[in-house]
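Working notes for the structure below.
The values are calculated or read from the model by the stated rules, or taken from the named source; none is laboratory data. This structure is a prediction, so every number in the text was calculated from the model and none was measured. With ideal geometry, Cβ positions are generated from the backbone for all residues, glycine too; neighbour counts draw on all protein chains shown. Note: areas computed on protein heavy atoms with side chains; ligands, DNA, RNA excluded. Shrake-Rupley method; radii C 1.70, N 1.55, O 1.52, S 1.80 Å.
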Amino acid sequence: MRHLRQIPESVKPVIAMSQPVRENLTPRQVAQAIGVSESSLKRWCDRGVIETVRTAGGHRRLPRSAVLSFIRENGHELADPQVLGLPKNGGQGTRVATSARGDFMNALVAGQEEYARQVIWDLYLGGHSLVQIFDDVIAPAMSDIGKQWDCGDVAVYQERLGVQIVLRILHEFRQSLPPVDTGNLAIGGTAEGDQYVLPTTMVELTLRTRGLRACSLGTSLPFESLCDAIKTHDPVLFWLSVSHIADEAAFLKGFQLIANETRERKIPLVVGGAAMCTDLRSKLPFAIYCDSMQQLTEYLETHPPKPWT
């Protein structure tokens, strides 16, 4: 196949779900994962270096999300990443986003799920934020695959398989993020005819990293149903991911329903996506436009949603 870099032969194609993620780990497991003694790990726990909880019997347990944060903040390379449910060779070296984009794209096209996971986890454990990974690696890699598909260099099944692999990786990160305790709910999705699930899933995770209890409603939802969700849940923010528009007139008419509903309730309406051209934007009222997850993050920093009272 043209335009594909060489992928390590030791990484075989895998079409399967990732291993179950352990929510809480023992000091022995974490010590094994990062290559230190159990006694040292326990001292870190008792000094508050790593977030620790106690069982009913008084035993130490470490939330997986806290362990991952500790590894990222301290630059630890992993001795046994599989203990944490990570790829076999993950977190054992540095990786830069510029080369990771091509590596990740080629892994997706080749169906190399474990290698694709390794690329993303190497970036994350190396200190890259999820927003950076979304904007600099995942989104452009999927765009590159789409272009190769258009040129006939990638088969339909390869593009679809790539999407499924990315969804599994995103689900894994959703499980790995610290729990969101706030009641501030943000909801969103895509309108009817728009089947693109990756963008709205990345928006959900981006909002979760900002402390919102975000939930993607899914794809291809009628505008009337989206309005029903707004009325029922009264979120602090609503987003609409727009990657495809089949009928612009119908889209504009339906969008007006959402615009009216969110304006009446004083709910920020955030819109973005590949189909949001300049001409279309000029026709949409009452919306905040974000062309990337970084722009969404910057908007939240300057306009934090008003908390529920």
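Miscellaneous remarks
- Solvent-accessible area, 1.4 Å probe, carbon plus sulfur percent, for the chain: 49 percent
- Dimensions in Å of segment 107-179 - Rg and Dmax from alpha carbons: 12.7, 43
- Net length available on complete extension from Cys277 to Leu257 is 5.2 nm, with 0.36 nm assigned per residue and the Cα-Cα distance removed.
- Cα gyration tensor category, rounded, prolate or oblate, for segment 56-105 with a/c compared to 1.5: prolate
- For the chain, with +1 on Lys and Arg beta carbons and -1 on Asp and Glu, the positive-most of Asn184, Val197, Ser220 along the dipole: Asn184
- Based on alpha carbons, the Rg and Dmax found for the chain are 21.0, 66 Å.
- J(HN,Hα) series, segment 255-263, from Karplus relation 6.51 cos²θ - 1.76 cosθ + 1.60, nearest Hz, glycine and proline x: 4, 4, 4, 5, 4, 5, 5, 6, 5
- Listed residue (Gly58, Ile71, Asn24) projecting farthest to the positive dipole end of the chain, Cβ model: Gly58
- Between Asp234 and Lys147, the contour length at 0.36 nm per residue exceeds the alpha carbon distance by 27.4 nm.
- For Leu25, distant residues with modelled amide H under 5 Å away: Leu62, Arg64
- Cross-link reach list, lysines versus Lys283, counting only Cα pairs under 21 Å and skipping chain neighbours closer than eight places: Lys253, Lys266
- Each residue of segment 170-175 was assigned a 3J(HN,Hα) from its phi angle through the Karplus curve 6.51 cos²θ - 1.76 cosθ + 1.60 (θ = phi - 60°); the sequence is 5, 5, 4, 5, 4, 6 Hz, with glycine and proline shown as x.
- Pairwise FRET efficiency - Ser129 versus His171, Cβ, R0 = 25 Å, nearest 0.05: 0.85
- Taking the C-alpha atoms only, the angle from helix 64-74 to the longest principal axis of the chain is near 80 degrees.
- Phi to ³J(HN,Hα) by Karplus 6.51 cos²θ - 1.76 cosθ + 1.60 over segment 151-157, Hz, x for Gly, Pro: 7, x, 8, 10, 7, 4, 5
- Rolling a 1.4 angstrom probe over the protein heavy atoms with all chains in place gives the chain an accessible area of 49 Å² per residue.
- Computed from label points 7 Å out along Cα-Cβ, the spacing between Gln164 and Asn74 is 3.9 nm.
- Helix 223-233 vs. the chain, principal-axis angle (Cα, 0 to 90°, nearest 10): 60 degrees
- Note that segment 81-233, at 20 °C in a medium of 1.002 mPa s, gets a Stokes-Einstein diffusion coefficient of 130 µm²/s from its Kirkwood radius over C-alpha pairs.
- Taking amide H positions as modeled 1.01 Å from N, with prolines and chain starts lacking one, the residues under 5 Å from Val270 and 5 or more places away or on another chain are Phe238, Trp239, Leu240, Ile288.
- Restricting segment 165-249 to trypsin sites (Lys or Arg not before Pro) that sit in a DSSP loop and have at most 12 other Cβ atoms within 10 Å of their own Cβ leaves nothing.
- Nearest 10 degrees, 0 to 90: helix 139-150 Cα axis against the chain principal axis: 60 degrees
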